[in-house]
Amino acid sequence: MAMKPVTFTLNGLAKAAFTEDGQNLLDFLRRGVGDMAPKYGCGQGGCGACTVLLDGVPHLSCLTLAETVEGRRVDTASGLAGATISPLQEAFMDRFAAQCGYCTPGMLMAATALLAKNPRPNRDEVIEAISGNICRCTGYEPIIAAILDVAEGRVGA
Amino acid sequence: MNPFTYRRATTAPEAAAAAALPGHRLLGGGTNLVDLMRKGVEHPETLIDVTGFSQQIELTPGGGLLIGGAVRNSALAAHPQVRRDYPLLSRAVLTGASAQIRNMATVAGNVMQRTRCTYFADPAASRCNKRVPGSGCDAQGGFTRYHAILGGSSACIATHPSDMCVALAALDATLHLLGPDGPRALPLSEFHRLPGDTPHLETELRPGEIITGVELPPPLPAMRSAYRKVRDRASYAFALVSVGACITVENGHFAEIRLAFGGIAHRPWRATRAEAALRSGPATPEAVEAALKLEFAEARPLDGNAFKLPLARRSAAALLAQLIGETA
């Protein structure tokens, strides 16, 4: 199977790695590049655990072919924290918005994109923004509360 | 998933030429095709990425809009002119799928998407005439909540899952196609086929033809339009029934009415009988009721989806009552 080089930006850093024909972006990020933040959930585009930002916009990495990110910007939950964790991550901790944690990286990226586009979303807008991300632990309320905490300035102010 | 190669087409003619080759399939956002490849339903050898061109939304000389086939669903829904002049289209797109999927999926891919019939998507354990012609249909007598009540056949009762296409049908949209014989145009309402004995033939697309764009006619003066979707949960679910309508009313009569349904047939269902019965007639609840009865006269509901018949009629009646009220 032919290997092809892919050059792209991952969490602000230039990256180059080889991909195989047909490899999806999720597998490429995890096995090819070593970024374990995006998770494999359903593999069908149904659960959102693999959500990453492609040029700032949420995409399902399990349904995205690795070759299509050539020259583009990919952001994952690995890039959220700097010297300290981000306000969104802090709010998720404060609200116990992660239990098993498997949906969390996808939730964080969906929420990051929402807040970048709409810094003051209302509750309905938060719910719509994370409706493609399935959580089987929390019942969603702590996650919604955490995102609203950031939106309404209760965290990271 | 079978091994395949990936390459990009940079122009529509290049993509059309590639589409004619055996084992080649066009790739838009991949939200349907890649999923079906993983499930073993689709087995292309080569994917041709067609997202690198036809990305514009442009005004047509006649005052309509030409939407490129590779425009992403979220970009379509957010476009200022679409929101202003064709709000039902924006609404329909936003009721579909999830934010991630709308960001990825293209307009042409939305038109070309396959049914969400669970038996179709289950090669390991289910028979499907669409997947393997002549093999049988396990949806018949199975779980039919999401299946057709109009236009089905003994071979297939699958539904077309698109919200966007229902709005496009109600807007009288035209598909722009490009093939070996050059470009041609086809009304969206005539593009998807009913299953009959050949449910594996889903559209009128010819070998080597691609969808380059969708044209919307100019909005009618004083047109009112809306889209309503009934589903099992408030977000991220396919329609049980959806309805889109555009009307203009003059002196209490329908000057124009276009009505389309989703979730009930193998194609976005343009309600031509009801439209013909209502056009130029009084815009009253009684007239609407009679026209909808006529439209659904040949409905064949199944055990699992008999609720769709009253649901579709009531949803359409409520939507039209709302629009008539807005014109008063």
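Values in this text are rule-based calculations from the coordinates and carry no lab data. This is a predicted model, so every value here is computed, not measured. Positions of Cβ are generated from backbone atoms using ideal geometry, with glycine treated the same way; all protein chains shown enter the neighbour counts.
Summarising the overall dimensions of region B:5-49 from its C-alpha atoms, the Rg and Dmax are 10.3, 30 angstrom. Look at the Cα gyration tensor of region B:185-236: its axes a ≥ b ≥ c give a/c of at least 1.5 with a/b at or below b/c, and that counts as oblate. Local charge for B:Pro282 was computed over the other residues whose Cβ lies under 15 Å away, with Lys and Arg +1 and Asp and Glu -1, and equals -4. Could you please report the charge total around A:Cys47, scoring K, R as +1 and D, E as -1 over all other residues with beta-carbon less than 11 angstrom from its beta-carbon? Cβ neighbours under 11 Å give a net charge of +2.
Please give the net charge around B:Asn129, taking every other residue with its beta carbon less than 13 angstrom from that of B:Asn129, where Lys and Arg add +1 and Asp and Glu add -1. Counting the neighbours of B:Asn129, the net charge comes to 0.
In this structure, the amide hydrogen of A:Thr64, modeled 1.01 Å from its nitrogen in the peptide plane, lies closer than 5 angstrom to those of A:Leu25, A:Leu26, counting only residues at least 5 positions away or on a different chain.
Between amide H atoms placed 1.01 Å from N, distances below 5 Å from A:Thr19 occur with A:Lys4, A:Val6, all of them 5 or more places distant or on a separate chain. Give the shape of region A:32-83 as rounded, prolate or oblate, defined through the alpha-carbon gyration tensor: a ≥ b ≥ c are the square roots of its eigenvalues, a/c under 1.5 means rounded, and otherwise the shape is prolate if a/b is larger than b/c and oblate if not. Oblate, because a/c is 1.5 or more while a/b does not exceed b/c. Applying 0.36 nm per residue to the separation of B:Ala290 and B:Thr198 and subtracting their alpha-carbon distance, the gain on full extension is 29.8 nm. Relative to one another, the C-alpha centroids of region B:92-140 and region B:286-328 are positioned 26 Å apart.
Across region B:182-328, C-alpha contacts under 8 Å between residues 6 or more apart give a mean separation that, scaled by the residue count, equals a relative contact order of 20 percent.
Largest GNM mean-square fluctuation across B:Arg267, B:Arg72, B:Arg116, computed for chain B with C-alpha springs under 10 Å, falls on B:Arg116.
3J(HN,Hα) along region A:44-60: 10, x, x, 10, x, 5, 9, 4, 10, 9, 10, 6, x, 10, x, 10, 8 Hz, from the Karplus curve 6.51 cos²θ - 1.76 cosθ + 1.60 with θ = phi - 60°, whole Hz, x for Gly and Pro. So, R0 is 35 Å and r is the distance between the beta-carbons of B:Arg314 and B:Ala185; what FRET efficiency does that work out to, to 0.05? Plugging the Cβ-Cβ distance into 1/(1 + (r/R0)^6) gives 0.50. If you take the Cα centroid of region B:157-218 and the Cα centroid of region B:35-75, the two points sit 13 Å apart.
Taking every alpha-carbon pair under 8 Å whose residues sit at least 6 apart, chain B reaches a relative contact order of 17 percent. In chain A, the calculated helix contribution to ellipticity at 222 nm averages -7500 deg cm²/dmol per residue, counting -39,500 (n - 2.57) for every DSSP H run with n ≥ 4. Once you reduce region A:41-86 and region B:222-277 to the center of their Cα atoms, the two points are 36 Å from each other. Here the calculated FRET efficiency for A:Met93 and B:Leu220, from their Cβ-Cβ distance with R0 = 45 Å, stands at 0.25, rounded to the nearest 0.05.
The trypsin sites (Lys or Arg not before Pro) found in region B:252-303 include none that occupy coil by DSSP while having at most 12 further C-beta atoms within 10 Å. First check a/c for region A:1-147, with a ≥ b ≥ c the square roots of the eigenvalues of its C-alpha gyration tensor; if it is under 1.5, answer rounded, and if not, answer prolate when a/b is larger than b/c or oblate otherwise. It comes out prolate by the Cα gyration axes.
Relative contact order of region A:1-56, taken over Cα pairs closer than 8 Å and 6 or more residues apart, is 21 percent. Here the protein assembly as shown is described by how far its Cα atoms reach on the three principal axes: 70, 55, 51 Å, from widest to narrowest.
For region A:14-122, applying the loop criterion from DSSP together with a ceiling of 14 other beta carbons within 10 Å to the chymotrypsin sites (Phe, Trp or Tyr not before Pro) yields A:Phe96. The calculated FRET efficiency for the pair B:Arg84 and A:Ile127, based on their C-beta separation and a Förster distance of 25 Å, comes to about 0.45.
Evaluated on chain B, the Kirkwood hydrodynamic radius is 20.2 Å, with distances taken between all distinct Cα atoms. Taking 26 Å as the cut-off for C-alpha to C-alpha distance, list the pairs among A:Lys39/A:Lys117; A:Lys117/B:Lys39; A:Lys15/A:Lys39 that go past it. Among A:Lys39/A:Lys117; A:Lys117/B:Lys39; A:Lys15/A:Lys39, the Cα-Cα distance tops 26 Å for A:Lys117/B:Lys39.
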